[in-house]
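A.B. asks: My structure is below; once you've seen it, I'll send some questions.
Please treat every number below as a calculation from the coordinates, not as lab data. All figures in this text were calculated on a predicted structure; none of them were measured in a lab. Neighbour counts are summed over all protein chains in view; Cβ atoms, including those assigned to glycine, are modelled from backbone coordinates with ideal geometry.
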Number of protein chains: 2
Amino acid sequence: MEIAINEAKKGIGAVNPNPLVGAVLVKDNKILAMGHHEFYGGPHAEVNTLNKSNDTEGCTLYVTLEPCSHYGKTPPCTKLIISSKIKRCVIATLDPNPLVSGQGVKQLEEAGIEVIIGVLENEARNLNKVFFKYIENKIPYIFIKAGITLDGKIATQSFSSQWITNSLARNKVEKYRNFFSGILVGANTVIQDNPSLRCKVLGNRNPYRLILDKDLIISEKYSIISNNEDQKTFIITSEKNINLEKFQLFSEKFSIKFITFSENENLKDILKKIGSYNIDSILVEGGSGVISSFFKEEIYDGGEIIIAPKILGDGLAIPFLNGFSPNMIDEGITLKNIKINIYDDNVGFEFYKEEGCLPV
Amino acid sequence: MEIAINEAKKGIGAVNPNPLVGAVLVKDNKILAMGHHEFYGGPHAEVNTLNKSNDTEGCTLYVTLEPCSHYGKTPPCTKLIISSKIKRCVIATLDPNPLVSGQGVKQLEEAGIEVIIGVLENEARNLNKVFFKYIENKIPYIFIKAGITLDGKIATQSFSSQWITNSLARNKVEKYRNFFSGILVGANTVIQDNPSLRCKVLGNRNPYRLILDKDLIISEKYSIISNNEDQKTFIITSEKNINLEKFQLFSEKFSIKFITFSENENLKDILKKIGSYNIDSILVEGGSGVISSFFKEEIYDGGEIIIAPKILGDGLAIPFLNGFSPNMIDEGITLKNIKINIYDDNVGFEFYKEEGCLPV
């Protein structure tokens, strides 16, 4: 099952909003084949594995997620497993969708296949924290990233921010950019940094670029607008701006997609709209105002705050979080389920609302 | 030599401002005795070791610091080594005092003893970073400690600060309190926290308590004044306050010692005066103003900033450092020679002006 989980991880960055799944085919304690779910809408891990072997009869199939039992983009995997005459199927975790959970197992058992459930279940569930969250209510999994100084700043008072963290830490951020479907930043971050918001690691896919720009203040001079051949830039703005000339220009000339919201809608409503575009997960990269909103409304599933041994010592420098005023220490925000990551002389505090770490 | 270094560490907290020294006596690859410098003014490590064995002739003596060759509080160790008929003396590091460095070696060699120098030299030098700094110019070694939130605060805007860090991290601070001769805090810290500034670990000695209180604003209601049976409380204040009634009261009724300074004297001048009381090292524990002064004047040898996964998110909360205004990231303070310490979900950034860590 450990091998199957590692197989599953090979799909990182390619399968969203499908789950990461891996499978291993074993006979007489020998591995005959292994495979994973390789890309969104593509053949499932079970198919990719079973198709690699002509000798499936009597085998044990290890699979990290309950095989599907319904027709979706591909035919049900249970059908192939049964026709392959598999003897035993070891499943790490059931499908979290209550409507289908257990159905796959039921079909296999009715066909006389021995089914074992729960081997390395936690590890397999961690693999698909994003998927499990997203299919529940179609709201993207939210992961907050910030690179800060020892005194909690993301930029000097004149908005200098390059670079606070070291290259090892920034490499980790690239991995996150490949892992999550989208990156979200505020309009001010675009204006100050003119970021590309692309994944710079060769072979990895670029995430969707989501700009929270209520008042539509950014202009076409920023790379994120003018450089949109892949049509992955979204602007999230007030519905009041629909009739602005800029709105039309961005849509028509630069193929920018817009997600609009009314005065009455909150962050959660906006995230639902983002989720409707098959964006199952968002890396929130800043700036201060955006990160603060997510903490204010307590809409985050996890994050990593990376600290560099630098100090600005300036009350006017830009804090990574603002807008609270706790009276006592215990009234502040306490991050939970901490994992410490060391990047040479930088340190990341990885945190999660619920137990278990992402496989990044 | 590794054993000798570990022996030396047993003197932590007891020998200041003397150096930590350990020794091991070996014959035919067997350890006959070992010892260390146990307390300030007490017998040296060599004496404590050689006195434990009747069979010193032809032995090898390992010692972490060059044996002394002069009469101080005790007779010269070289004399005892020579009379013990030691065959070979292995020394980790020479005495840093240029006036005596090499003199001990010379005496031993003239008596026909084979001398080897430089075994585990870095480790032995780290052992006595404090001693080496102090004997050079009698200015105490300065180590800055702060326990901060992820956003760099040491207290809420209403001065709540208990507890930011976890108990593992606070235990480390107790070790520092035992290691350094003195603790220094500002008067505001006394007023807000009424700290005891004692070492709470049983069997360890209490450090000197140094209060930086320029305007003599603290009163006898604070524990540090009223609870001074060990007469280890010093107040560092402006010479203008000498004639105040409070000055007299504190001296006479509570045996508080005063160190005064004039308008023209800076932090370094004050530290020299503190050094003249045999205080070889100071743990600077805060608050914000005091820590900032040490950073402003760049008077620190090392420190540890411990970060807890808590966030206050409040621009009015108390930062651990203030008073700078860098324009670019590179103009901020960059801590050097970082060692990362993990205390469960707290992380310490230990830093030093020069390479090598303290043996705490």
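A.B. asks: Based on alpha-carbon centroids, what's the gap between region A:194-223 and region A:60-108 in Å, whole number please?
C.D. replies: Region A:194-223 and region A:60-108 have Cα centres spaced 39 Å from each other.
A.B. asks: Take the alpha carbon atoms of region A:233-256, find their center, do the same for region B:139-177, and report the distance between the two centers in whole angstrom.
C.D. replies: Taking the Cα centre of each part, region A:233-256 and region B:139-177 sit 49 Å apart.
A.B. asks: Quick check on region B:53-99: take the gyration tensor over C-alpha atoms, sort the square-rooted eigenvalues as a ≥ b ≥ c, and tell me if it's rounded (a/c under 1.5), prolate or oblate.
C.D. replies: oblate
A.B. asks: So, one more: Could you run the Karplus curve 6.51 cos²θ - 1.76 cosθ + 1.60 with θ = phi - 60° over region B:82-95 and give me ³J(HN,Hα) per residue in whole Hz, x for Gly and Pro?
C.D. replies: 5, 5, 7, 6, 5, 8, 9, 10, 9, 10, 6, 8, 6, 5
A.B. asks: When a/c reaches 1.5 or more, the comparison of a/b and b/c decides; with that in mind, is region A:1-130 rounded, prolate or oblate per its Cα gyration tensor?
C.D. replies: Rounded is the answer for region A:1-130, as its axis ratio a/c remains below 1.5.
A.B. asks: With both bridge residues required to lie in the protein assembly as shown, what share of the DSSP beta bridges run antiparallel, to the nearest 5%?
C.D. replies: Around 40 percent of the beta bridges assigned by DSSP in the protein assembly as shown are antiparallel ones.
A.B. asks: Something else about it: How high is the relative contact order of chain B, in percent, with contacts defined as C-alpha pairs under 8 Å that are six or more residues apart?
C.D. replies: Relative CO of chain B lands at 17 percent.
A.B. asks: Here is a further query. Going through the cross-link list A:LYS336/B:LYS353; B:LYS232/B:LYS253; A:LYS73/A:LYS253, which pairs have a Cα-Cα distance over 24 Å in this structure?
C.D. replies: As for pairs spanning more than 24 Å Cα to Cα, those are A:LYS336/B:LYS353; A:LYS73/A:LYS253.
A.B. asks: Sticking with this structure for a sec: Which order do the peptides A:76-86, A:308-318, B:68-78 take when ranked by the mean count of other beta-carbon atoms within 10 Å per residue, highest first?
C.D. replies: Output ranking for A:76-86, A:308-318, B:68-78: A:308-318, A:76-86, B:68-78.
A.B. asks: Taking a cut-off of 26 Å between Cα atoms, list the lysines near B:LYS79, but don't count ones fewer than 8 places away on the same chain.
C.D. replies: B:LYS79 reaches B:LYS9, B:LYS10, B:LYS27, B:LYS30, B:LYS52, B:LYS87, B:LYS106.
A.B. asks: Only helical DSSP H runs with n ≥ 4 go in: add -39500 (n - 2.57) per run for chain A, normalise by residue count and round the 222 nm mean residue ellipticity to 500 deg cm²/dmol.
C.D. replies: -7500 deg cm²/dmol
A.B. asks: With the convex hull built on the Cα atoms of chain A, state its orientation-averaged projected area in nm².
C.D. replies: Mean projected area for chain A: 20.4 nm², to one decimal.
A.B. asks: Continuing with this model, one more query. If contacts are Cα pairs under 8 angstrom and at least 6 residues apart, what is the relative contact order of region B:139-352 in percent?
C.D. replies: It comes to 34 percent, rounded to a whole number.
A.B. asks: To continue, here is another question. As I understand it, the value is the acute angle between the Cα axis of helix B:167-179 and the longest principal axis of the Cα atoms of chain B; what does it come to in degrees, rounded to 10?
C.D. replies: For B:167-179 against chain B, the angle is about 60 degrees.
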